[in-house]
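Written below as structure tokens is the structure these notes are about.
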Amino acid sequence: MIARAERAQRRLRAAAAAAIALLLGLLLASPWRAPLDAPAFDRLSTIAPPKPAADVVIVSIDEPSFAELRRQWPWPRDRHAELIKALRGAGAKVVALDIVFSEPSTEAADAALAQAAGPETVFAADRTVIDDANATQAITVEPLPELLANGADMGLATVSLDGDGVLRSAPMGEDAFAAVVAAKLGVTSSARAGDRLRFRGGPRTYATVSYYQALDPERFLPPGTLKEKIVFVGLSLHTAADAAAGGADAYATPFTARSSLLTAGVEVQATAFDAIRAGDLVRPAPLRAEWLALTLAGLAAASLARGGRVGWPAAAGAAALILAMFGASWLALDRAHLWLSPLPPALALALTIGASAALDYARERRARREITRAFGQYLAPELVERLASDPAALKLGGERRTLTILFCDVRGFTTLAERMKDDPERLTSLVNRLLGPLSEAVLAEGGTIDKYIGDCVMAFWNAPLDTPDHAERAVAAALGMLKAVDRLNGELAAEGAAGEAPLRLAIGVGVNTGDCVVGNLGSDRRFDYTAVGDAVNLASRLEGASKLYGVPLLIGAATATRVTRPLVELDRIAVKGKADGVAVFTALDGAAPAEQELFLAAYRAGRWNEAEAALASLQTHPTLAAYAARMGERLASVRRAPPAAGWTGVFAATEK
């Protein structure tokens, strides 16, 4: 049964893992994966980012420049001409203006800008894609042709945002603004579709000077600030730096998640140029590599979950592997400029382990319910809770254990049933009133109630959970049963009607210890958790034999050696079906009388007169009086028919 359950659990785990792998595999090839990859890329790409190029300088069209020049935007183009001349004079290698001059202004201003622009100058162009129901149309806005007459170039400064509004994609094509700037230095762009930019930092990462400072570098800037520099000119307003506020020509980048600040478009262009020249554009890993990572993650999850229940070790192993995946992804990004997202394999691992844990939890909940249902009737609640919390403590299918077994039977139940045959409801109520406290006495000592057989109760200790003092507890439960019967008899006497003989109940209890087979025993259709073995049979025989000795409790020798409370040896008996005799004992409220020990010694030695004298003194003992009477009858019998030579005093019982 356990093997079938384990196989079924493994099949469920395999099915869950296959379903997870299939869903994530479909996700890899779908457009829905972008929102999944984006946060991971943002976090990993901003860990220890590359240093910005030292020869890139941003000339910022910013608030201080507006205040200094005292002009609203747009500024006259002859002012930009002055800037180009100033930058050239300061030694700039390339001047890239991230400004689109597509419409004519004044003739003089346009001519001044055209004359100032030379081979080191790059102007920005823009491309807008318009989608409507009928067609997709691309509109390119280029700088005035005369601005390119003296060798200046133009490049598309258009950027592409991801679906979440964050700029991660690298500009593609040789006509991209950053690529044209790189070409001025003899560097050819290798950007391909899907390539990503790895930003060097948040806003103002590159060396930045204000526009008004660049107009007069000798006055406002340290010497050599612009010498041999690649200069990007564009809007960079502090008032538009907040992502929540938005702003013209300012974009969210991977660093925005950390700082909540936007990066100016001119700095984006500088970053793209820097990445193209450094050759560290980040390329997506091929789909086959992602599938391989997903497969390896699934195999790792299967390995972690194969050992049975998915617990903390498996969870810790999964967490360590997920951290390793993120570490490997960062290394691939940092060293190989390759983006292999860690999220799909990490999700495969986490979801597979999580699904396995959920299946284990569901199985354990089911097992707890089954254990509670199966054992709740005959185990103490605290033992049921312990067993439900640790089902592994229950070995199903049978195991060999040393148990202490108790049988309890109602004396004279047949006579009682005959007396109450016309009132079966009262008889049933009486039996329940008796069995209730008897069961409570067992449960109070942590015993397992095996079964009720009519008016008989069978219980045992040391299964399904270990109970080191099982013999001591069983004897305590037996004494508790006797006290419970005394209390019930008192209640019945108080309830009796006038003139009616009061009901008085009596029980016999047998307790024995020995090796048994305990477990779920029975047929495929019905089985119970029970114990079988010679020790069980002897306990049952001892319960029956208690009538022969006139005592309510008879304890086997194997139990007596395991208890600390004082016991009284009564006899050696060979129960029906057994040839060998065993010592039997009972428990008294007080100390054992010395006459009892004298009687047994004399009886077994055949000294009948001494034995008779010892018995006479036991006739008044509150518990052993009936025993003394029974043994007196036996003594008279052996006197009439003396035993053969070699007699050891073992009494052979002829009835159960």
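Derivation of every value follows stated rules applied to the coordinates shown; laboratory data play no part. Predicted model only: the values in this text are computed from it and were never measured. Glycine also receives a Cβ, built like all others from the backbone with ideal geometry; neighbour counts cover every protein chain displayed.
Remarks
- Inter-label distance, nm, simple model (7 Å from Cα along the C-beta direction), Thr648/Asp466: 3.5
- At full extension, Arg71 and Asp422 could sit 114.7 nm farther apart than now, given 0.36 nm per residue minus the alpha carbon distance.
- Per-residue Cβ neighbour counts within 10 Å put Thr352, Thr467 in the sequence Thr467, Thr352, beginning with the fewest.
- The amide H of Phe101, built 1.01 Å from its N in the peptide plane, has Ala124, Leu144 as neighbours under 5 Å, considering only residues 5 or more places off or on other chains.
- Model label points for Asp580 and Ala278, set 7 angstrom from Cα along the Cα-to-Cβ axis, are 8.8 nm apart.
- Modelled spin-label separation between Ser637 and Ala591, with each label point placed 7 Å from Cα along the Cα-to-Cβ direction: 3.3 nm.
- Global form of the stretch 539-586, assessed from the alpha-carbon gyration tensor, a/c cut-off 1.5: oblate
- Cβ-based net charge around Asp249, under 14 Å, with every Lys or Arg adding one and every Asp or Glu removing one: -4
- Listed by Cβ neighbour count within 10 Å, with the fewest neighbours leading, Met172, Met154, Met631 appear as Met172, Met154, Met631.
- Applied to the stretch 111-123, the Karplus parametrisation 6.51 cos²θ - 1.76 cosθ + 1.60 on θ = phi - 60° returns per-residue 3J(HN,Hα) values of 5, 5, 5, 5, 5, 6, 6, x, x, 8, 9, 10, 9 Hz, with x for Gly and Pro.
- Full extension of the segment from Asp486 to Ser259, taken as 0.36 nm per residue of separation minus the current Cα-Cα distance, would add 73.6 nm.
- For Thr208, the amide hydrogen comes within under 5 Å of the amide hydrogens of Ile58, counting only partners 5 or more places away or on other chains and with H modelled in the peptide plane.
- 3J(HN,Hα) couplings calculated from phi for the stretch 334-348 with the Karplus curve 6.51 cos²θ - 1.76 cosθ + 1.60 (θ = phi - 60°) are, in sequence order, 6, 9, 9, 6, 10, 9, 10, 4, x, 5, x, x, 5, 5, 4 Hz; Gly and Pro show x.
- Evaluating 6.51 cos²θ - 1.76 cosθ + 1.60 at θ = phi - 60° for every residue in the stretch 277-286, the Karplus couplings come out as 5, 7, x, 10, 4, 8, 9, x, 5, x Hz, glycine and proline recorded as x.
- Peptides 547-559, 427-439 ranked from most to least packed, by the mean per-residue count of other Cβ atoms within 10 Å: 547-559, 427-439.
- Of Lys85/Lys227; Lys85/Lys184; Lys184/Lys227; Lys85/Lys229; Lys547/Lys576, those spanning more than 22 Å from alpha-carbon to alpha-carbon: none
- Amide proton proximity set for Phe651, modelled H, under 5 Å, gap of 5+: Arg572, Ile573, Ala574
- The Cβ shell under 15 Å around Leu600 holds other residues with a net charge of -1, Lys and Arg each +1, Asp and Glu each -1.
- Near Glu610: Cβ cut-off under 14 Å, other residues only, Lys/Arg at +1 and Asp/Glu at -1. The net charge is 0.
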